[in-house]
Amino acid sequence: MTKNGLTVNPKHPMKTWDKELTGENSWTMFKVISEFVDGFETLNEMGPCVSIFGSARTRPDHPYYKKAVDIARLLTEEGYGVITGGGPGIMEAGNKGAVIYGGKSVGLNIKLPFEQSSNQFVDPDKNLNFRYFFVRKVMFVKYAQAFVALPGGYGTMDELFEVLTLIQTGKIRKVPVILVGSDYWSGLKDWIKTVMLERENNVNPDDLDLMPITDSPEEVVHIIDTYYNQKAIALSPNYEL
């Protein structure tokens, strides 16, 4: 039999929670579309940007926090806007380095039960709040001409490997993805080389070249500038939608 457009087993009729779930799914579609529209309208006129990833738990007195401020400052001096997750820690440092030196400072906040709250260095007109991680990640990627990952946890790894996967599969251009902090990232890259590549053959040798490691803020900017100067690629949105 059919009920509300759905096929229902008469021996096991739809329970109340099934009906509620069906209604929630319909409204979810509109919520998702709304978040995409808000993000596109806010970021479409941003110009060239760099997304900075990193832990929300990094304190302002930590060397990595200070390094993120320096990286954002140098990017601003080169004319790039800075996109972060909009929260505390490394995200706050990236926004701080942009805004105090006159650059564009974007925050892509996510609603979480802990950790996340918008930092004070996000431009008020570029402070976006998301309910859905997947919509937020599209905004991180679509409007960035490069990606800088400082030390972080699961969220940082999620964002980093999302970008690497999109590059590996040709869904976005092979833009710079730079890991900052050799002590933090070298072990991961060694594992990818010795286990993923050499032992299991799960990646290609060229995939290791997708993520250079450095400890120098100046080198971060040099890698990005060199890439665009050599490739002569337009600084435009790069995500296939």
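Quick note: the coordinates plus some simple rules give every number you see, no bench work behind them. Small disclaimer: the values here were computed from a predicted structure and weren't measured. Glycine also receives a Cβ, built like all others from the backbone with ideal geometry; neighbour counts cover every protein chain displayed.
For the reader, a short list of remarks on this structure follows.
- Gyration tensor (alpha-carbon) shape descriptor, the stretch 57-184, a/c threshold 1.5: rounded
- Ranked list, fewest to most other Cβ atoms within 10 Å of each Cβ, for Leu43, Leu164, Leu208, Leu108: Leu208, Leu164, Leu43, Leu108
- In terms of overall dimensions, the C-alpha atoms belonging to the stretch 15-231 reach 55, 47, 35 Å along their principal axes, ordered largest to smallest.
- Between the amide H of Gly85 and those of Leu108, distances stay under 5 Å, these residues lying 5 or more places away or on another chain, with hydrogens modeled in the peptide plane.
- Listed values for the stretch 213-219 are Karplus-derived 3J(HN,Hα) couplings in whole Hz (6.51 cos²θ - 1.76 cosθ + 1.60, θ = phi - 60°), namely 10, 8, 10, 9, x, 5, 5, and x replaces Gly and Pro.
- Amide H within-cut-off set for Ile178, under 5 Å, with H built and near neighbours excluded: Phe147, Val148, Ala149
- Cross-link pairs Lys67/Lys111; Lys66/Lys104; Lys67/Lys171; Lys171/Lys193; Lys96/Lys174; Lys31/Lys104 - those with Cα-Cα distance over 25 Å: Lys67/Lys111; Lys67/Lys171; Lys96/Lys174; Lys31/Lys104
- Relative contact order %, the stretch 18-145, counting alpha carbon pairs below 8 Å whose residues are six or more apart: 25 percent
- Long-range amide H partners of Ile100 with built H, under 5 Å: none
- For the stretch 25-41, putting each phi into the Karplus relation 6.51 cos²θ - 1.76 cosθ + 1.60 with θ = phi - 60° gives couplings of 4, 5, 5, 4, 4, 5, 5, 5, 4, 4, 5, 4, 4, 4, x, 5, 5 Hz, in residue order, rounded to whole numbers and with x for Gly and Pro.
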